[in-house]
Each structure stands twice: as C-alpha cells, then as structure tokens.
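Coordinate-derived values only; no laboratory data. Treat the numbers as computed from the prediction; the structure is a model and nothing was measured. Cβ atoms come from the backbone with ideal geometry, glycine included; neighbour counts cover every protein chain shown.
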Amino acid sequence: MLEKVATKPGSRRVVIVVKALEADEVRVTGDFTKWALQGIRLSHDGNGQWRTVLPLPPGEYQYRLLVDGEWRDHGEATERVANPFGSENCVLKIL
C-alpha cells in the first residue's frame, strides 16, 4: 500500500507499507537512495506488515524491495518498468 500525505509545500510524506509475513528484514531502495544496497529499513508492526515514511518531492521514482537480502516486487505497485537485470522496477509517482 502506498499512502501519500502532504507535509510542507513542495514535498510529500510517502508511506510505504509492505506485507511480508515471514520476513526478518525489509528494505526499500531506488532512485531516492541512488540505489544504495542498504536502502531504507522498514519497521515491522509484529503482524507481517512493514512500514516506512519517505519525504519525497514531486516526481517519478523507480524502486525495488530487498526482503531478507533478495530483490522483490512491491505487490501494491500499479506501474512497473523493465530494468537491465531482466526483472522490473516498481514506479512511484508523487504529484
């Protein structure tokens, strides 16, 4: 699930929620982290949901999830684009 909540003018608080029941660790990485492998760690709620808030200016961002060190798609992403590794990146559009 992606929730967009306005903060200060020119930026948005983008809440990313990932369902990963068996995961020990979930991270998100993409254009907004310059694809750093450590990415941004999501917090676990104890019920299989992982969450973080990204402060992002309007734009289009590609991203992927790292679940227990393995690349994964975000099931809630409605748009994807091919990447050079034979899989797809998720696309996040912030208005």
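Hey, any hits in the range 54-67 for a residue that's in contact with a strand residue (DSSP E or B) (Cβ under 7 Å, 6 or more places away or on another chain) and among the small types (Gly, Ala, Ser)?
Among the residues of the range 54-67, at least one is in contact with a strand residue (DSSP E or B) (Cβ under 7 Å, 6 or more places away or on another chain) and among the small types (Gly, Ala, Ser), which makes the answer yes.
Do you know which of the residues in the range 27-78 that are under 11 Å from the mean Cα position of the chain (by Cα) and aromatic (Phe, Trp, Tyr) is surrounded by the fewest Cβ atoms within 10 Å (Cβ to Cβ)?
That would be Tyr61.
Of the conditions (1) out of contact with any helix residue (DSSP H, G or I) (no Cβ under 7 Å at 6 or more places or on another chain); (2) at positive phi, Val26 satisfies every one except a single condition; which number is it?
All conditions pass for Val26, except number (2).
Residues that are in contact with a Ser or Thr (Cβ under 7 Å, 6 or more places away or on another chain): find the strands (runs of 3 or more DSSP E) completely inside the chain holding 3 or more of those.
The strands (runs of 3 or more DSSP E) meeting that bar are 49-56, 59-67.
Only one of Leu56, Leu37, Leu65, Leu42 is among the aliphatic types (A, V, I, L, M) and more than 18 Å from Val15 (Cβ to Cβ); which?
Checking each option against the conditions leaves just Leu37.
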